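The structure appears right after this line, and notes come after that.
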Amino acid sequence: MLAWSTVRDRWTGFVGSFVALTLGVGVLTAALVVFVSAQPAVPERLAGAAVVVQAPAGASDADSFVEYVPWASARAEELAGALRGVPGVAAAVPDRSFYAQLVHGGHPVGDPPAGDPIGHAWSTAALAPYRLVAGAAPTAAGEVVLDAGYGIPPGATATVLTATGPQQWRVTGTVDGPGIYVADSAAAALAPGVPAIGLVLSPGADPGAVAAAARVRVGAAGTVLSGDARTALEPEAVGRTRWLGTQLITVMVLLAAFATVFVMASTAALNAYQRRRELALLRAIGATPRQTRRLLLGEALVIGVVSAAVGAVLGVLAAPWFGDLLVRADLEPAGFAPSPSLLAVGPAVLTGIVVAVAGAWATARRAAKVRPMEALREAAVDRRAMTLSRWLFGGLFGVAGLALAVLTPAVDDGSALTTAIFSALTLIVGITLLAPVLIPPALRALTLPLRRSATGEVVRESAGAAVRRTAATAGPVLLTVGFAMLILGMVKTMSPAFGGEDARALGVDTVVTAEGTPGLSDAAVAAIPGTVFAGLSTSVFVGDLPYDALGVVPGAVPVRGDASALTGDTAVVADPRWKAGDTLRLTFADGAVVPLRVAASVEPGTLTTPLLLPRDLVRAHDPSALTLTAYVRGAPPAAVRDAVARFGALVQDPLTYSSDDDEDQLVWLFVLVMVGMSVGYTSIAVANTLVMATGDRRRDFRVLRLTGATNRQILRMVGAETGIVVLFGTVIGGLVALPALLGIRAALAGQTGVDVRLVVPWLEVGVVVAVCAVLALGAALLATRRALHRAQPR
């Protein structure tokens, strides 16, 4: 009851904690709702097949997505025939899918992912099931059934883009589901490999019994899936999209949790310090350390419960908006719609309560040791700001942060970014704990020009005397500036490094990539003027191990290495496990196993893929293979642009191409989220801290008024003091980010083999600092004006 009464009567001191924790729980709730909802789902076009037989899975490690070795056409038909004899099976349909895209008005419609094509055999429509809306099914080559949503009626002619180029097909009907459907015989030529066979069951058939009988028929030739296990059929492209979304969600949750604990701990420490006389008075009338500690933790628990409840409601309301944002950013598949559940909301609420109590735990332990004589103190000078625990943990975190910065260049490429972020986080915690030691000398240096004026001298002594108040205000600024400089500096340094490396390696004038399509068709590549370096992208299996491969003609790729030895039955490899003269048995997209002799082996990293194969061989075994990138030499960009305008292609110079890819866009999205959240938490923390601190200085203001200071002079003093504190946080934040940035610069230099220039984003960081300064000055001056009205001398 005492804790609840304290929160109710001193609510202004808890507003910042309440808002910070509410925002943190809201972000966590929205993120968890999206995360729990973003689980693998049965593809809509296979939802009507209660039992599905999947091709054998290839080998993969924990960091890779599972790929499946397709059956050859003859083997798939053999298995389908055997499955049709299973009691309860009405139809066994091989799932044949291939790249196809409608062209309307001279431009491709939609943008299907490379790993989830929308071209299908007509028989697979029964697996959804989709049904004809108008017209008839396709029965011959050149006939097609389209999604009724395209608005093209039966009898019309549709232009459909395939891997070889645009085709004119006659529309025989429309269907009530997405996709482009051709006759089964035509699909067998476009998609000879089969990854799955769907079983349509007879009315009343038991899916479990059918699945058991199917396992007996199939044996080791495939995996029988039924019920929720069919989520394994989700295309790899969709799984990768979900994975990218999960990375962003994880970053948001980590940052929200860190910032929330940071703000809670800082606010709780300042609140307890300002109430030391009140707590000492409780001790003087008989309160034990345990009771004092229980009071502060009880207050934190009240704030935690209320904030968690409000934050959970806000998070549930924000989840649909967040999910839509991820879909728009291509970080969740189209049609994704998050829905709240206890599994998502419960942990978020519990985490909020735990964070509130944990953030106040250390402060409560320290406040419980306050002496009763503190009730008689009048001065607000911090006599012992540093404790043994602050020395110990501040030093440990500081050393750990510097060590992580030193280790950043030594870790593997995928971990360098994470290591740098943890280096900055660790240094921020260490510097914050050591702030009472760093603040006095730093303030003496920063306020040296102010010593000539009386106001400046008051600013200097006031900020130096109240070390805890200064540290609590500078901490959030330090966090935001450090994060902004680190993340923005990483992006600004990485893009030119990799862009410059690619531009030098390519040695070409223009780069052509797909725009609105998953890749370039053969017709698009053939239309490009000048000397074109391009290859067909495909996936193959060596044994059960998946590999990316490129189908090229001799000299058709700009790499260091001997590709001239490629013939119809050879390969060039960039893998130390293989050497010239070895024989590789490759399984292609059509399920065919082809032995190839290794004609040449080059150093790893000298080829864009581990395997170079003859282009004609790739096209023969993968009719849907597309060219992802074409490099052009000797043709003006304008001529290239005009030549490929009707094929859905983007023409760029090499440097722009290297600096403007999907990963850079994802990184910038991460940047916007992290910097935006940091600034948001800063506004809460700085405003709350200054309001609390200023409200506690009414007695100081009254003394200044009695000595002759005017309101304007006091406001100027508070403004100057706030500016100095923001400047201190900015400088220390920049110094915190610098070791991590230097570590990333060294890592990039090691990866690219060239000298990398460290780019500091002064303009962007300046904007962040300006926002922090405006928020801090606004909160401080408004709180001071309010306090001056209450501090009239009597």
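The values are calculated or read from the model by the stated rules, or taken from the named source; none is laboratory data. Owing to the predicted nature of the structure, the values given are computational and were not obtained by experimental measurement. Please note: Cβ atoms are built from the backbone with ideal geometry, for glycine as well, and neighbour counts cover all protein chains shown.
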## Note on the structure
Within the stretch 141-163, of all residues that are assigned to a strand (DSSP E or B) and more than 27 Å from V525 (Cβ to Cβ), the one farthest from the chain's Cα centre (by Cα) is E143
### Query
Do you know which of the residues in the stretch 74-107 that are within 24 Å of V160 (Cα to Cα), small (G, A, S) and not in a strand (DSSP E or B) is nearest to the chain's Cα centre (by Cα)?
A100
### Task
Working only within the stretch 109-140, note down all residues that are farther than 15 Å from P178 by Cβ and within 35 Å of the chain's Cα centre (by Cα).
A114, G115
### Query
Which ones in the stretch 212-222 are at pLDDT below 90 and within 9 Å of V53 (Cα to Cα)?
V218, G222
### Query
Any residue at all in the stretch 741-758 that is aliphatic (A, V, I, L, M), at pLDDT 80 or above and over 24 Å from A424 (Cα atoms)?
no
### Message
Regarding the stretch 653-664, can at least one residue be identified that is closer than 30 Å to P70 by Cβ, at pLDDT 85 or above and either under 27 Å from the mean Cα position of the chain (by Cα) or not β-branched (V, I, T) (or both)?
### Response
no
#### Entry: Pair list, Cβ under 6 Å, 6 or more apart: the stretch 91-120 residue assigned by TED's automatic domain parsing to the domain that holds V144, other residue among the acidic types (D, E) and at pLDDT below 90
G115/E236
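Would you point out which residue out of G208, G222, G155, G151 is among the small types (G, A, S), in the same structural domain as Y68 (by TED's automatic domain parsing) and in contact (Cβ under 8 Å) with a residue 40 or more places away in the chain?
G222
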### Message
Out of everything in the stretch 38-88 that is among the hydroxyl-bearing types (S, T, Y) and surrounded by fewer than 19 Cβ atoms within 10 Å (Cβ to Cβ), what residue ends up being modelled with the highest pLDDT?
### Response
S60
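Give me the residue from the stretch 147-186 that is polar (S, T, N, Q) and either at pLDDT 95 or above or more than 20 Å from G106 (Cα to Cα) (or both) and, out of that set, surrounded by the most Cβ atoms within 10 Å (Cβ to Cβ).
My answer is T172.
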### Task
Go through the residues of the stretch 324-344 one by one and say whether even a single one is at pLDDT 75 or above, crowded, with 18+ Cβ neighbours inside 10 Å, part of a helix (DSSP H, G or I) and not hydrophobic (A, V, I, L, M, F, W, C).
no
### Query
What about G634, is it more than 30 Å from D575 (Cα to Cα), at pLDDT below 85 and in contact with a strand residue (DSSP E or B) (Cβ under 6 Å, 6 or more places away or on another chain)?
yes
### Query
Considering only the stretch 89-118, how many residues are charged (D, E, K, R) and crowded, with 22+ Cβ neighbours inside 10 Å?
2
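Quick check on R712: is it more than 28 Å from L425 (Cβ to Cβ) and of a type in the set (K, R)?
Yes: the conditions hold for R712.
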### Query
Can you tell me which of V477, V508, V481, V512 is modelled with pLDDT of 70 or more, surrounded by 24 or more Cβ atoms within 10 Å (Cβ to Cβ) and not in a helix (DSSP H, G or I)?
V512
### Query
Of the residues in the stretch 368-408, how many are assigned to a helix (DSSP H, G or I) and at pLDDT 60 or above?
22
